Each structure stands twice: as C-alpha cells, then as structure tokens.
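Quick notes on the structure that follows.
The values are calculated or read from the model by the stated rules, or taken from the named source; none is laboratory data. Nothing here was measured: the structure is a model prediction, and the numbers come from that model. A quick note on method: Cβ atoms are made from the backbone with ideal geometry, for glycine too, and the neighbour counts reach across all protein chains shown.
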Amino acid sequence: MPIRVLSAFADVIPTPVPVPTPTRLALAVVACLIVVSVARSVLRARRPI
C-alpha cells in the first residue's frame, strides 16, 4: 500500500489530542490491517466450502 494512501488515512483518523505523525501512521497501518483481516474472514465465511 502506498505511503500516500496511509498518510491520507492517518489524516482522516480523528485525534482529540495532537498526535505525532509517526504514531498516526502506525495507527493507520494497524487500522488497515484490522480492516483487511475482517474483510478476509467475511469473504471466507461467505464462500461455500
């Protein structure tokens, strides 16, 4: 995934306190991984065995 997409995603994340950009980027990466894993499990559950 391009860094540009990750940084854009990091900017979208609402932060009540100002968070340094590296931390925000890490949060964005974690969020992306969670979304991907959830999507994969949903697709796997839908697919007939």
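Determine which member of the set Ala28, Ala39 is modelled with pLDDT of 80 or more and surrounded by 11 or more Cβ atoms within 10 Å (Cβ to Cβ).
Ala28 is the lone residue from the list that is modelled with pLDDT of 80 or more and surrounded by 11 or more Cβ atoms within 10 Å (Cβ to Cβ).
Does segment 1-14 include one or more residues that are modelled with pLDDT of 75 or more and touching a helix residue (DSSP H, G or I) at 6+ places or on another chain (Cβ under 9 Å)?
Within segment 1-14, not a single residue is modelled with pLDDT of 75 or more and touching a helix residue (DSSP H, G or I) at 6+ places or on another chain (Cβ under 9 Å).
Can you say whether Ala45 is at pLDDT 80 or above, touching a helix residue (DSSP H, G or I) at 6+ places or on another chain (Cβ under 6 Å) and among the aliphatic types (A, V, I, L, M), as far as the supplied structure shows?
When the stated conditions are applied, Ala45 does not pass them.
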